[in-house]
Structures are given as C-alpha cells and as structure tokens.
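Asker: The structure under discussion is supplied below as structure tokens; questions concerning it will follow.
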Amino acid sequence: MNTFYLRILKPLLFNFKPDTIHAIFTAIGELAGRFSGTRWIFGMIYGYNGPDISKTVDGITYRTPIILSAGFDPDGRLTRILPELGFGGEEIGSITANTCSGNPHPQLTRLVRNKSIIVYKGLRNKGVDALIKKLSHTPRTRGFVLGVSIARTNDLSASADVNSGIKDYVDSFRKLVDSDIGDYYTINISCPNSYTGETFIEPKLLAQLLPRLREVPCKKPIYLKMSINIPWSQFSELLEIADKNKIHGVIIGNLNKNYADLKYPEDAPAKYRGGLSGKPTFELSNELIRKTREKYGTRFTIIGTGGILSPDEAMEKFKAGADLIQLISGMIFEGPGLIKKIGIRYAQTRGKMHT
Ligand SMILES: Cc1cc2nc3c(=O)[nH]c(=O)nc-3n(C[C@H](O)[C@H](O)[C@H](O)COP(=O)(O)O)c2cc1C
C-alpha cells in the first residue's frame, strides 16, 4: 500500500500546492477518524501490529515511541485516525492564546530533491479555547498520547513586549491545565516564523518565562522545543535554566533556518521565508541530542525530531540518545507506511539499544 502512495498518489499530489494537499488530507483524516469502519481499514493497512513496543516516559505510556511532531495538526483534528497509522501519540499545536491566521501564502513550499519543506505558516491555529472545546468532545484512544505545544500568539497583542509575550504563554498553559486537556505540554520557544522571531531562546528571557509558567500548579510533564540553530554554549545555558525550573525534557528540535544546509540550495526560491524541515535538520538535531545526553545523563527526557525519513534514521535518533521520536516530513515524502516500518525496526533492535 505504501508503494501505491509512493508510485501513484505522491506524484499526483505533489502537482498541487502543499497548503491545499495538507487541508484536504486533514479533512479526510478527520472524517475517517469518526467512523469505526474507516478507522479499521486504515488500521489494517497502516497500523503497527508487531510485538509490544510500548514505552513509558515520564509516567506516560505510548503504544509506540513514534509521535507526530507539532504543526501538522495544530487544531487537534486528527486524534482519532493517527493511532491507526502506527503513531503512539501526537503533539497538537502549536496553539496560541488567540486565533492566528498565519503568514501570507505560500505557507508551505516543497523542496523535493532536498527532502525538505519550507515552513512559513506563522502559527496558524484556532486558538486554545477552540482546542479545549474540540478535545473535550473527542473520544480518546488508549495508549495514544496527546501532547499540546504552546506558542506565543503571532501578532502585536503578544509581541509588544516581553511581559505580554509571557502572559500569552501562561494564559494558554493555565487554560489547558485547568481543563485537564493534554497529557504533556511543550513550550515552543523556537518558532522561527513568529512576529518577533525566537525571543525566548535568549537565556535571560527564558529565565523570566519559566518561573511564571511554574506558578501554575501542573503535575504533567513539561518539555521545551529547542532551536537547532544556536551555539552549544547558548543551548546548554537554556538547559541549565530548564533544570532549575524543573522542566522534564526537551524536544530537539525545531526547523533549520540555515539554507546553506540544503543539498541543492538552488532549488530554494530566491526570496525564501521560513524554516526548513526534513533532511537539513537531521544532523544538527542528532548532534545536540548527543551533547545533551552526554552532559546531562538522564536528567532530561529527550524527544528527537528532525529529518527522520527512514527506519535507519529513526534508529540513529534513538542511538544519539532520544527516548522518543517525532516526525512530519518523513510521512509526507515517504508515505504513512513509514511509521509502521519504523515500529517493526524498533521491535527488532530494541534489546540492542539503551532505550
Ligand atoms: C508543516 C509544518 C508545520 C510546523 N509547525 C510547527 C509548529 O507549529 N510548532 C512547532 O514546534 N514545530 C512546528 N514544525 C516543526 C516540526 O514540529 C519539526 O520540528 C520539524 O519539521 C522537523 O521534523 P521533520 O523533519 O520530521 O519534519 C512544523 C513543521 C512542518 C513541516
């Protein structure tokens, strides 16, 4: 069935704008998730049915250690169909305190030879209230974990100064905690497409944000989504602040802003805007995962994200030190069958890895 995707469906779909295809796929996925019959069909085709590869991290059990990364399903519309594709969880969002319509189009551009997508969405989402309403009425699937990624609203309301930015994060976080929506929370401090850039990757500002978030009583794990474009000295400074503020883990990491890392930079539009997903994120993310593990041992949960396009690359992320992995681009370029393939490989090699 994945051959059907790669040989027939993908060449057809890749003729259309990625924004359009994404909207269509989300609508189909949401509809298919509503009915047990269609869920069963998707599960038969794409589901992982091998030996138990469930994994418990920070007290939460994932049916597989593979999570859909933040940004593909910002409004939580796919929570019922994704478990049928072999995922052990998804990170919904990034959501913001207010609705965001995002940046001018194109918000997504495919760079096929580079196995990368230029992402310039600018945090398009319906806002935290709509998400809470939606998820309160959606049945849950056992063993399928829902993380919620929180970003700062991408407009002047939250970008006027540091305090309004902090208030924006805290408002969303408090609402989610109070309504008991989400199994873990990610604070996205590294969106390259927000109104004022990645302010909170500045250690001084992160040191202001985290204590304010920590004032909200929350027993669930909290993770930080890290930038992969900062020097190790800055990265480890952020980790020190995370440690002091009892943050459970880090997601390493976000999009790559450096277009020189493309294998075929000539394929990128002359006037590009946005961060790169996929292949150009792979090595940078692995390197930072390795260094974090080396320096901090098991202090932080590490979720490895970026450029997983094959089972081999998934295993490299685990070997670098990831407890769990996340992906988006691999599913787009290699088809939804990739998740099951990773699950099978993980089951075969599990005993040989530290995980
Ligand atoms: C379409 C798209 C939208 C994204 N939006 C977000 C987002 O809202 N928040 C976030 O933390 N990361 C976002 N990202 C980054 C991904 O979560 C991930 O870190 C990155 O794409 C690397 O993984 P990949 O190579 O498997 O795609 C987005 C990525 C893509 C492709």
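Asker: Filter segment 250-262 for residues that are within 14 Å of the ligand (Cβ to nearest atom) and not polar (S, T, N, Q) and give the result.
Answerer: If the condition is that a residue be within 14 Å of the ligand (Cβ to nearest atom) and not polar (S, T, N, Q), then V250, I251, I252, G253, L255, K257, D261, L262 are the ones that fit.
Asker: Name, by its number, the condition in (1) in a loop (DSSP other than H, G, I, E, B); (2) at pLDDT below 95; (3) closer than 27 Å to S36 by Cα that does not hold for G122.
Answerer: (3)
Asker: Failed condition for F173, given (1) within 13 Å of the ligand (Cβ to nearest atom); (2) buried (at least 22 other Cβ atoms within 10 Å of the Cβ), with all others met?
Answerer: The single condition F173 does not satisfy is (1).
Asker: Contact list please: Cβ distance under 6 Å, first residue in segment 83-111 and over 30 Å from T64 (Cα atoms), second residue more than 10 Å from the ligand (Cβ to nearest atom) and of a type in the set (D, E), pairs at least six apart or on different chains.
Answerer: Matching pairs, first to second residue: A97/D168; A97/D171.
Asker: So which of C218, C191 is within 14 Å of the ligand (Cβ to nearest atom), part of a loop (DSSP other than H, G, I, E, B) and of a type in the set (A, V, I, L, M, F, W, C)?
Answerer: Exactly one of C218, C191 is within 14 Å of the ligand (Cβ to nearest atom), part of a loop (DSSP other than H, G, I, E, B) and of a type in the set (A, V, I, L, M, F, W, C), namely C191.
Asker: Would you check which residues across segment 237-266 are in a loop (DSSP other than H, G, I, E, B) and under 16 Å from L205 (Cα atoms) and list them?
Answerer: N245, I247, listed by residue number.
Asker: Consider R293 carefully, then state whether it is farther than 20 Å from S149 by Cβ and among the charged types (D, E, K, R).
Answerer: Yes; evaluated as a whole, the condition is true for this residue.
Asker: Count, please, the residues in segment 20-59 that happen to be over 17 Å from T79 (Cα atoms) and not charged (D, E, K, R).
Answerer: Result for segment 20-59: 12.
Asker: Consider N103 against the criteria (1) modelled with pLDDT under 95; (2) away from the ligand (no atom under 12 Å from the Cβ); (3) out of contact with any strand residue (DSSP E or B) (no Cβ under 8 Å at 6 or more places or on another chain); (4) closer than 27 Å to L206 by Cβ: it satisfies all of them except one. Which criterion is unmet?
Answerer: The one condition N103 does not meet is (2).
Asker: For residues in segment 87-100 being more than 10 Å from the ligand (Cβ to nearest atom) and modelled with pLDDT of 95 or more, which is surrounded by the most Cβ atoms within 10 Å (Cβ to Cβ)?
Answerer: F87
Asker: In addition: Which residue is nearest to D58 (Cα to Cα), if the candidates are limited to segment 273-286 and must be free of Cβ contacts under 8 Å to residues at least 40 places away in the same chain and more than 10 Å from the ligand (Cβ to nearest atom)?
Answerer: The residue in question is N286.
Asker: Now for a separate question. Only residues that are within 16 Å of the ligand (Cβ to nearest atom) and either touching a Pro at 6+ places or on another chain (Cβ under 8 Å) or free of Cβ contacts under 8 Å to residues at least 12 places away in the same chain (or both): list them for segment 54-82, please.
Answerer: Hits for segment 54-82: nothing passes.
Asker: Name the single residue, out of those in segment 7-44 being among the aliphatic types (A, V, I, L, M) and surrounded by 15 or more Cβ atoms within 10 Å (Cβ to Cβ), that is nearest to L123 (Cα to Cα).
Answerer: Out of the qualifying residues, it is I21.
Asker: Name the single residue, out of those in segment 298-320 being among the acidic types (D, E) and within 14 Å of the ligand (Cβ to nearest atom), that is nearest to D243 (Cα to Cα).
Answerer: Of everything passing the filter in segment 298-320, E316 is nearest to D243 (Cα to Cα).
Asker: Of the residues I325, I308, I289, I302, only one is on the phi < 0 side of the Ramachandran plot, without any contact (Cβ under 8 Å) to a residue 40 or more places away in the chain and not in a helix (DSSP H, G or I); which?
Answerer: That would be I308, the only listed residue that is on the phi < 0 side of the Ramachandran plot, without any contact (Cβ under 8 Å) to a residue 40 or more places away in the chain and not in a helix (DSSP H, G or I).
Residues checked against (1) under 21 Å from G88 (Cα atoms); (2) more than 16 Å from the ligand (Cβ to nearest atom); (3) without any contact (Cβ under 8 Å) to a residue 60 or more places away in the chain:
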site	(1), (2), (3)
S116	no, no, no
L123	no, no, no
G147	yes, no, no
A151	no, no, yes
D161	no, yes, yes
D168	no, no, no
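Asker: Provide a single number: the residues in segment 106-117 that are out of contact with any strand residue (DSSP E or B) (no Cβ under 7 Å at 6 or more places or on another chain), within 19 Å of K263 (Cβ to Cβ) and polar (S, T, N, Q).
Answerer: Going through segment 106-117 one residue at a time, the tally reaches 1.
The values are calculated or read from the model by the stated rules, or taken from the named source; none is laboratory data. Just so you know, these numbers come straight off a predicted model, no measurement behind them. A quick note on method: Cβ atoms are made from the backbone with ideal geometry, for glycine too, and the neighbour counts reach across all protein chains shown.
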